[in-house]
Amino acid sequence: MESKFNVICFSNQLWDYPNWTNKRQVMYRLGEQGHRVIFVDPTINFGKVLLTQFKKGFFNLKRLILGYKIDENVLVFTPIRFLLLEKFYAKFFSKKINDLAKFHLNPEYKTVMWVYDVELPELEIYLDNVNRDFLLYDCVDYYAGFPRYQSKEEKEKILTVEKNLTQRADLVFATAPGLVERLKKYNSRTFYTPNVGDFELFHNCVSKFKNQVPAKLENIKHPIVGYIGAIDSYKFDYQLLKEAALKCPDYSFVIIGGSGLKDAEGSLSELGLENIPNIYFLGTIPFVETPKYMAHFDVDLIPYVLNDYTIGGCFPVKFFNSMAAGIPSVVTDMPVFTLYKDITYISKTYEEFIQNVRKALEENNDKKIIERVSTAKQNTYELKVANMVGLIKSHLK
């Protein structure tokens, strides 16, 4: 069981995405354990997105010329295309990945092709041309629920791609019970690997930062009811937050985050939340800095809308971060939260959500804090990765 393996990971989010995604967390830890990892970013078109990456300091001339960087024991390859020639680039990048594998991976290890990105253009070409010993599909979303798939035909097309990948895979991971139930119909080797939180980063943040108030929070009075995460309308319920703020004028509602789909900051006016004096939008904060803000939250919110995406298989990673901090959370009635009904406040209606915010404040005590932290301690990346590695080794012949 001490054997190591190589990983070629196809991610649907950039390694340098500011929120340190689930994919980066897992791959970073695999690299740390001695597995050899190539992390393939989603393809970037030569233009505005690439320029943005340069401005943010994620790219420099050396990385552009080489096409990769080595970060935290992981080789990060960012495919850059100049024209929309999907089949050409899929074959071209497949060869490039195979070349990088010869350079970075250990030839004595078996190679796992770890696919998150079911939306990767010409996925079949990569599956047919990238050298591997084992294929793993790690499903972290209900993709047909994304707003970019509007028509029945579009939804069926992405579901067919996913079905084919699932059937072809040697092993399938899924992060929500609904995803497991759906994918297990196509592959009996489907296992529940739930999302987890960054326990090390958020545990003890309240005691650590309680006397260090970030400048952006200095003039905001308690109680502070906060949200940290993407503010895209397909999952974030603006109307619910607006109702809560209007019904609780003595509470300060703080939003930290940006639009994940648009890679943009957003604003209160764009959210339809302007002119409400007790709502504060702080924009994007680097992920490693967010515990300094969460430390001053009295309640943490996950105000998600209920739709095909959130009901079909969404498990917000942020849930266990607030648990690790010991802060009470108020959530909407997504199926996955029924597993944690004893440590969170689940809300079926707007009115119940508002009542739960008040209830969370009133009922908070040391016993509840200990229960939250204890649950978070059982849902860490260390335990998740250990479980994944164990499953891979048991199936990797």
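Taken together, the values in this text are just the output of simple stated rules run on the coordinates, not laboratory data. Keep in mind it's a predicted model, so treat the numbers as computed, not measured.
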Relative contact order of the chain, defined on C-alpha pairs under 8 angstrom at six or more residues apart (%): 15
Relative contact order of region 199-377, pairs being alpha-carbon contacts under 8 Å that are 6 or more residues apart, as %: 25
Tail beyond 17 Å, pair distance distribution of region 294-339 (Cα, percent): 31
Violating pairs (Cα-Cα greater than 32 angstrom) within the set K55/K235; K368/K393; K62/K163: K368/K393; K62/K163
Over 28 Å between alpha carbons, listed pairs K56/K102; K110/K157; K152/K318; K23/K102: K56/K102; K110/K157; K152/K318
Amide H partners (placed H, <5 Å) of Y280, local residues excluded: F253, V254, I255
Nearby lysines by direct alpha-carbon distance to K95 (threshold 16 angstrom, same-chain neighbours under 8 apart not counted): K87
Rg and Dmax [Cα atoms of region 199-377; Å; Rg one decimal, Dmax integer]: 15.0, 42
Calculated SAXS-style log₁₀ I(q)/I(0) at q = 0.08, 0.10, 0.12, 0.14 Å⁻¹ - the chain, Debye, Cα scatterers: -0.44, -0.69, -1.00, -1.33
10 Å binning of all Cα-Cα separations within region 115-249, expressed as whole percents from 0 upward: 9, 27, 26, 19, 15, 4
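Multiply the residue gap between E382 and K221 by 0.36 nm, knock off their C-alpha separation, and tell me the result in nm, one decimal place.
Numbers: separation 161, 0.36 × 161 = 57.96 nm, distance 3.63 nm.
Between E382 and K221, full extension yields an extra 54.3 nm.
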For V7, distant residues with modelled amide H under 5 Å away: R36, V37, I38, V112
